[in-house]
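Visitor: This is the structure I want to talk about, given as structure tokens.
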Amino acid sequence: STPLYSSAASDVYKRQDDNDPDAWNRLSSNLILLGTAFGESRSEKMELFKLASASAIESMKRSNPEIAESLLSGQRIWEVAPLVSEAEMQATLFWVTSVLYTFREGMVQPQPMLNVKWIRRSELLLKRMEEIDPNWSGGAVLFSLALIYHAIPEVIGGDSDLAQEYLERAVSASDQWMLPRWGRATYFLIPEGRLQEAREDLQYVLSLEIEDQGKESTLWRTYFNRDAKEQLKRL
């Protein structure tokens, strides 16, 4: 692993309670953001997303003894999806997000097609989260499911109509969370050439306060705000 990242992670471990699930969640979140916003190469991004995934699992293990015991016995994280409770929702989302960013920013063809099983594994965890609370975190679960059904080829389970249904539900549940509108513009509208609709979504993101307790962290909202400005300039 890259010494810089190992050192940064080590510093966090020293400052935080090793048994605090929230500390591991913060580490996972920041590693994902570091990878997507500042990673300069695919290998850097892959390393950061890998560390983020591992940190999310550490959070889940500390939050849920049943999950910890099952993983220790040899089960994989997607195999313990039925054990996920509301307390592990945040960590589970970070695990899924690290996988999705790995596919989008860490891989080149044919790697995504060869590793599509990881998308299906993420789906298992997201469906469990949907059972617990579909509108949780401003539609983040619904949006992630939309991405999965949008990204997977239909011959192996993708479904463009289902993706659109989940996307609309995510936007309806967003209530001033930035992710669904930013994500709709970034991953759906712009690639489809629906540029005026994309502009409206990105301008909506810019209209929201960056400091908004109870929504995404300030770091993520700053990133969404900055990226929305950059995309509008390109458009």
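Visitor: Give the shape of region 44-87 as rounded, prolate or oblate, defined through the alpha-carbon gyration tensor: a ≥ b ≥ c are the square roots of its eigenvalues, a/c under 1.5 means rounded, and otherwise the shape is prolate if a/b is larger than b/c and oblate if not.
Guide: prolate
Visitor: Nearest 0.05, what FRET efficiency do F38 and M113 give at R0 = 45 Å with Cβ-Cβ as r?
Guide: Approximately 0.95, to the nearest 0.05.
Visitor: Using the heavy atoms of the protein chains alone and a 1.4 angstrom probe, what is the accessible area of region 192-235 per residue in square angstrom?
Guide: 61 Å²
Visitor: Give the span of region 104-179's Cα atoms along each principal axis, as three whole-Å numbers ordered largest to smallest.
Guide: Ordered largest first, region 104-179 gives principal extents of 37, 23, 21 Å.
Visitor: Here's a follow-up. For a label point 7 Å from the Cα of E192 along Cα→C-beta, name the residues of region 149-174 whose backbone N is under 18 Å from it.
Guide: Residues passing the 18 Å test: 149-154, 158-174.
Visitor: Same structure again: From the square roots a ≥ b ≥ c of the eigenvalues of the alpha-carbon gyration tensor of region 131-235, which class results: rounded (a/c under 1.5), prolate (a/b over b/c), or oblate?
Guide: Verdict is oblate for region 131-235.
Visitor: If you don't mind, another one. With everything on Cα atoms, drop me the angle between helix 42-63 and the longest principal axis of the chain, reported from 0 to 90° to the nearest 10.
Guide: 60 degrees
Visitor: Let me ask something additional. Classify region 55-169: rounded, prolate or oblate, from the alpha-carbon gyration tensor (a ≥ b ≥ c, eigenvalue square roots; a/c under 1.5 rounded; otherwise prolate if a/b is larger than b/c)?
Guide: Values: a/c = 2.04, a/b = 1.35, b/c = 1.51.
Oblate shape, in that a/c is at least 1.5 and b/c is the bigger or equal ratio.
Visitor: Can you give me the angle between helix 117-132 and the longest principal axis of the chain, using Cα atoms only, in degrees from 0 to 90, rounded to the nearest 10?
Guide: Once rounded, one gets 90 degrees.
Visitor: Next question. Could you sort 128-139, 113-124, 58-69 so that the peptide with the highest average Cβ count within 10 Å comes first and the rest follow in order?
Guide: 58-69, 128-139, 113-124
The values are calculated or read from the model by the stated rules, or taken from the named source; none is laboratory data. Everything numeric in this text was worked out from a predicted model, so none of it was measured. Cβ sites come from the backbone with ideal geometry, for glycine too, and all protein chains shown count toward neighbours. Note: areas computed on protein heavy atoms with side chains; ligands, DNA, RNA excluded. Shrake-Rupley method; radii C 1.70, N 1.55, O 1.52, S 1.80 Å.
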